[in-house]
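See structure below.
The values are calculated or read from the model by the stated rules, or taken from the named source; none is laboratory data. Small disclaimer: the values here were computed from a predicted structure and weren't measured. Here the Cβ is made from the backbone with ideal geometry for all residues, glycine too, and neighbour counts use every protein chain on show.
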Amino acid sequence: MAKTIIPDFRKTPTVDQVGIEERVARFTTRSIKKASKMEGLKMVLSMIDLTTLEGKDTEGKVKQMCYKAAHLHDVIPGLPTVAAVCVYPSMVKTAKAALKGTNIKVASVSTAFPSGQSTPEIKILDTKFAVENGADEIDMVISRGEFLSGNYNFVFEEIAAIKEACGKARLKVIFETGELSTLDNVRKISDLAMYAGADFIKTSTGKISPAATMPVTLVMLEAIRDYYYATGRMVGMKPAGGISTSKLAMQYLIMVNETLGAAWLSSEWFRFGASSLANDVLMQIAKETHGVYQSSDYFSKD
Amino acid sequence: MSTTKEPKLNFNSAWDLAPAPEDTKHISLKKQYDLFINGEFVKPNSKKYFATYNPATEEKIADVAEADEKDVDKAVKAARSAFGKWSKLTGKERGKYIYRIARLMQERAREFAVIETMDGGKSIRESRDIDVPLAANHFFYYAGWADKLEYAFPNKNPKPLGIAGQIIPWNFPLLMAAWKIAPALAAGNTVVLKPAETTPLTALKLAELIRDSGLPNGVVNIITGAGKTGAAIVNHPDINKIAFTGSTDVGKLIQRSVSGTDKKLTLELGGKAANIIFDDAPLDQAVEGIINGIFFNQGHVCCAGSRLFVQESVADLVIRKLKDRMQTLRVGDPMDKNTDIGAINSKEQLGKINDYIKIGKDEGAEMYQSTCVIPKKGYFCRPTIFLNATQSHRIVQEEIFGPVLTIQTFRTIEEVIEKANNIPYGLSAGVWTDKGSKIFNLTTKLKAGVIWANTYNKFDPTSPFGGYKESGFGREGGLHGLSAYLDM
C-alpha cells in the first residue's frame, strides 16, 4: 500500500444528524420503475452476503444455505448468485466445500464475534483459523468499549493486526453502530478503520438493535468518499442487519449511486448483510416477470 | 488494483432511473378562466384574455381573463359589501370557514400539486412535498387564531383593517396566496387578490375551492391580469391595505403610489442572501444546505442562498463536494417524480438568467455547470456556480432569481459579516458551524430578517418571514403576520 499520512482523528469532520436525516429522506423519494427496477433488484441479489450466525448453526444448515446461495430461484433463469455466504469460523470449511465450483465467496466473522470481548491473541488466532480454513473475507468486530473510552490507538492497532492476520482475505470491519450512539462517533471510527487498513466497513453484527440504518450508512459512505479522495484507495461498504425488504435495499443503492457513484455499484464494493432479504427481492422479481405476486411458499427458505 | 492515479467519482451510472411521471389525468382544468368576484366566475369588462403556458413544454394550458380598472372596482365593491357581515362574525365562525379551506386543500392536494407544476415549472417533488402542504398549513394555523385575537394582542382591541389588496408573485403561486389570504381572513378582513400573470391557475383553482367551501360571497375575490391590473388594485381608493410580494422595483413603485394615503403596506421584495460556511461546519450537510439554498425551486426564491461564503481553509474541499453533488441533480421534466430541478418559470426569466451568466463570465468569474442533459423543448437552465466571485461583481450584487450561485471565500468572522451585510438587500442568511456561540454572534450582526443555522430554506406558518432594507418591510407568518392585518 502506498504511504499514507495518518490524520489526527480528533479533527474528523463533524456530522449534523438533522442534515443527514434530511438527505436520506431525499433518497427515499426516488421512484424506481420498470427496467431500472428489474436491474436494481438483480443488483441487490448479487450484493447479498447470505448470512447465518447462530449458536444453533450446524453443518446441515450451512450446506442448505450454500445451495440456496448458488440457486436462488432456478424457476426464473438468468438470476445472479449472491456475493458471499457469511458464517462462523467453525463453519468455513463446510461452506467452502459446499460452494466449490461457484464464484460465491465465503466470509467468516471473527475476533470473538459479536462482542469482541477477548484478548488480542485469541482474536488473531480466531482470524487465522478462519483464513486457514479457506475464508475469502473476514468480518471482524471492533472493541467498542476501547473506542468509547477514547483508546483510539488500541482500536487502530487491533484493526491493523487483524488485517495482517488476514493475509489475502479481504477485511470487513464491523463497528456495531447501534452501540456507538452518535453519528460523530460513526464518522470517527470509519476514518480510523480505513486508515488502519479496512477493505470494507460494515455497520452491525445483526445482534444489536438498531442495526444498519440509512443515516448511519450515509455517514460511512461520505467517509469512504473523503478517504478515496485523500488516498485514491476504494473501500467497500456493508450495511448489515435490518434490511429485509427490496424497497429499502433499492433506496440504499440510490444512496450509494448518488454518494459514491457508479464504481461502487458492484458486489466488489457494496454488500448487504442479510438473511431474509433475498426472498423478498425474488418475490419482486417474480412479480415483475409474471405480473402478479406469488405466495412466499413459492420461494425456498434455506 | 483498487488505486487509481487521480481519484474521480463517476455519477453517470449505467443504472439510470426510468421516467416516473406523475399521473395528470385526475386534474380538471377549464380552457378558459374568468374573474372570481363575489363568489362567482364573471366575464371581464375588458373582454380580454391572455394565455398561460407550461414552461416545460411551451404549450398553452388555458386562457385567463384580464381584469381592467372597472373589474378591479367591481371586486373591491364586492369585498366592501361582504366586509360588514364577515368582520362581525364571531372569530369562532370565521375560524370554521378557514379550517374548511385548509381541509379541502388537503383533500385536493394532488390536483393542486400537479397544476402548480404544470403552470409554474417547479418539480412535482417540491409542489407535492412543500408548496401544497405548507399552503394548507398556513390556513390551519391562522384558522386557530381567528377566535383568539384578543389573547394574541391583549389590551390592544384588535380590529380588522377592511379590504386587503394582495398581489403575489409567480415563484410560489399557491403558497403565496395562502400566506396572504389566511391571516387576512382570520383577522376579519376581506380580500382582493391578484396572482402573477404567468402562474394564475392554482389561485383560480383556489377560487373554485373557496366557492365550494361556502365562504360568504365577496369575502375573497381573485382577479387575474398583469402589471396594469396590479396598479389598479394599488391605486383603488377603497382599499385599506396592500400586501405585495415581488420585485424590489415594483415594490418601490407601490410604495410611491400609496404614500400620502391611509393604506397600510407590507412589502416582501428581493434578496441576495449570504450562506456562510465556517471551517468547523458539518461540511457534507452544509453542501446539502448550499444545494437547497440555491437550487430549490430553480433558484426562483427571494430568500435563496445565492451568495456563498466559504472559509478559505475548507474552500477547496467544499467546492469539490459541491461539484460532485451538483452532478447528481436531475434536471428535466418537472412532472417526473425523480426530477430535482424543473423548468425556469418563463422565457423572459430564462433570458434574464442567461444574461447574468454571460455577465458573470465577462466579469471574469470562473463558471462551472453540471454536465446534465437538459430537454430541448421548454425553458431549462443547468445548475451554475461562479468561483472566484468578488463583492464588486454584478452577479454578486444583483438578484438573479435563477439557479446561479456565486462563491466567495473569507478568512475571518469580521470579514464575512462585513461582506454579507454589504448589499442593498437583507431578507435572509444562512450560517453553518458546529459552534453554538458563533451562531448567536452572527445572528445578532447579520442584517437579515430570517437567519437559518445549519439548515436553509425552512418555512413554517408559525415563524415570521420578511426583510430589512430593500428586501421590504412587514412580516408574514406567525403572530407578526397576523398583526399586519389588524388595526391596533
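Only one of B:N240, B:N292 is assigned by TED's automatic domain parsing to the domain that holds B:G162 and at pLDDT 95 or above; which?
The conditions single out B:N240.
Are any residues in the stretch A:224-276 facing chain B (nearest Cβ under 8 Å), surrounded by fewer than 24 Cβ atoms within 10 Å (Cβ to Cβ) and part of a loop (DSSP other than H, G, I, E, B), and if so, which ones?
Passing the criteria: A:G232, A:M234, A:G261, A:L265.
For the stretch A:23-39, enumerate the residues that are free of Cβ contacts under 8 Å to residues at least 40 places away in the same chain, within 7 Å of chain B (Cβ to nearest Cβ) and of a type in the set (D, E, K, R).
Passing the criteria: A:K33, A:K34, A:E39.
Restricted to the stretch A:66-97, and to residues that are among the polar types (S, T, N, Q) and part of a helix (DSSP H, G or I), which residue is surrounded by the fewest Cβ atoms within 10 Å (Cβ to Cβ)? Break it down stepwise before answering.
Let us first name the residues in the stretch A:66-97 that are among the polar types (S, T, N, Q), namely A:81, A:90, A:94.
From what's left, part of a helix (DSSP H, G or I): A:90, A:94.
Working: A:S90: 14, A:T94: 20.
Out of the qualifying residues, it is A:S90.
It is to be established whether one or more residues within the stretch B:55-63 are in a helix (DSSP H, G or I) and touching a residue at least 12 places away in the same chain (Cβ under 8 Å). Steps first, please.
Here is the first cut: in the stretch B:55-63, the ones in a helix (DSSP H, G or I) are none.
Among the residues of the stretch B:55-63, not one is in a helix (DSSP H, G or I) and touching a residue at least 12 places away in the same chain (Cβ under 8 Å), which makes the answer no.
Mind checking which residues of the stretch A:34-70 are more than 20 Å from the chain's Cα centre (by Cα) and either β-branched (V, I, T) or within 27 Å of A:V256 (Cα to Cα) (or both)?
A:K34, A:A35, A:S36, A:K37, A:M38, A:E39, A:T58
Can you tell me which residue is farthest from A:G40 (Cα to Cα) among those in the stretch A:207-223 that are touching a strand residue (DSSP E or B) at 6+ places or on another chain (Cβ under 8 Å) and away from every other protein chain (no Cβ under 13 Å)?
A:A211
Quick check, is B:S392 among the hydroxyl-bearing types (S, T, Y) and surrounded by fewer than 13 Cβ atoms within 10 Å (Cβ to Cβ)?
So B:S392 fits the description; yes.
Can we say B:A143 is in contact with a helix residue (DSSP H, G or I) (Cβ under 7 Å, 6 or more places away or on another chain), in the same structural domain as B:K241 (by TED's automatic domain parsing), farther than 30 Å from B:I294 by Cβ and assigned to a helix (DSSP H, G or I)?
yes
Looking at the stretch B:375-385, is at least one residue crowded, with 21+ Cβ neighbours inside 10 Å, under 26 Å from the mean Cα position of the chain (by Cα) and over 22 Å from B:W170 (Cα atoms)?
Taking every residue of the stretch B:375-385 in turn, at least one turns out to be crowded, with 21+ Cβ neighbours inside 10 Å, under 26 Å from the mean Cα position of the chain (by Cα) and over 22 Å from B:W170 (Cα atoms).
Out of A:K56, A:K34, I need the residue that is charged (D, E, K, R), at pLDDT below 95 and surrounded by fewer than 19 Cβ atoms within 10 Å (Cβ to Cβ). Which one?
Testing whether each residue is charged (D, E, K, R), at pLDDT below 95 and surrounded by fewer than 19 Cβ atoms within 10 Å (Cβ to Cβ) leaves just A:K34.
Do we have any residue at all in the stretch B:21-29 that's within 25 Å of the chain's Cα centre (by Cα), in contact (Cβ under 8 Å) with a residue 24 or more places away in the chain, within 14 Å of chain A (Cβ to nearest Cβ) and crowded, with 18+ Cβ neighbours inside 10 Å?
yes
If I filter the stretch A:192-215 down to residues being part of a helix (DSSP H, G or I) and surrounded by fewer than 24 Cβ atoms within 10 Å (Cβ to Cβ), which single residue comes out as nearest to the chain's Cα centre (by Cα)?
Among them, the one singled out is A:M214.
Being within 28 Å of B:C381 (Cα to Cα), surrounded by 15 or more Cβ atoms within 10 Å (Cβ to Cβ) and within 14 Å of chain A (Cβ to nearest Cβ) is true for just one of B:A18, B:A14. Which residue is that? Can you show your working first?
Details: B:A14 fails: surrounded by 15 or more Cβ atoms within 10 Å (Cβ to Cβ).
None of the other options fit; the residue is B:A18.
Regarding A:E54, is this residue facing another protein chain (nearest Cβ under 7 Å), without any contact (Cβ under 8 Å) to a residue 60 or more places away in the chain and not in a strand (DSSP E or B)?
Criteria not met by A:E54.
Please specify each residue of the stretch B:273-296 satisfying the condition of being buried (at least 24 other Cβ atoms within 10 Å of the Cβ) and more than 10 Å from every other protein chain (Cβ to nearest Cβ).
B:A273, B:A274, B:N275, B:I276, B:I277, B:I290, B:G293, B:I294, B:F295
If only one of A:K128, A:K172 is under 30 Å from A:L265 (Cβ atoms) and touching a residue at least 12 places away in the same chain (Cβ under 8 Å), which one is it?
After applying the criteria, what remains is A:K172.
What do you reckon, is A:I76 of a type outside the set (D, E) and at the interface with chain B (Cβ under 10 Å from one of its Cβ atoms)?
Considered against the rule, which asks whether it is of a type outside the set (D, E) and at the interface with chain B (Cβ under 10 Å from one of its Cβ atoms), A:I76 comes out as no.
Which ones in the stretch B:78-127 are in a loop (DSSP other than H, G, I, E, B), of a type in the set (S, T, N, Q) and in contact (Cβ under 8 Å) with a residue 60 or more places away in the chain? Show your work before the answer.
Step one: filter the stretch B:78-127 for residues in a loop (DSSP other than H, G, I, E, B), giving B:89-90, B:108, B:121-123.
Applying the additional criterion that residues be of a type in the set (S, T, N, Q) yields B:90, B:123.
Once the filter is applied, which keeps residues that are in a loop (DSSP other than H, G, I, E, B), of a type in the set (S, T, N, Q) and in contact (Cβ under 8 Å) with a residue 60 or more places away in the chain, the stretch B:78-127 yields only B:S123.
Could you pull out the residue among A:T14, A:T4 that is surrounded by fewer than 16 Cβ atoms within 10 Å (Cβ to Cβ), assigned to a loop (DSSP other than H, G, I, E, B) and hydroxyl-bearing (S, T, Y)?
Residue meeting the stated conditions: A:T4.
Considering only the stretch B:358-369, state which residues are buried (at least 20 other Cβ atoms within 10 Å of the Cβ) and either closer than 18 Å to B:H300 by Cβ or not aliphatic (A, V, I, L, M) (or both).
B:G360
Please go through the stretch B:181-217 and pick out each residue that is within 30 Å of B:E59 (Cβ to Cβ), among the aliphatic types (A, V, I, L, M) and assigned to a loop (DSSP other than H, G, I, E, B). Break it down into steps so the answer makes sense when it comes.
Step one: list which residues in the stretch B:181-217 are within 30 Å of B:E59 (Cβ to Cβ), which gives B:181, B:193-212.
From the residues that got through so far, the ones that are among the aliphatic types (A, V, I, L, M) too are B:181, B:193, B:196, B:201, B:203-204, B:206-207, B:209-210.
Matches in the stretch B:181-217: B:A196 only.
Would you please name the residue that is farthest from the other protein chains (Cβ to nearest Cβ), looking only at residues in the stretch A:1-22 that are among the hydrophobic types (A, V, I, L, M, F, W, C) and under 29 Å from B:I291 (Cα atoms)?
Taking the candidates together, the pick is A:F9.
Collect the residues in the stretch B:307-337 that are touching a residue at least 60 places away in the same chain (Cβ under 8 Å), more than 29 Å from B:V431 (Cα to Cα) and crowded, with 20+ Cβ neighbours inside 10 Å, keeping them in residue-number order.
B:D333, B:P334, B:M335, B:D336
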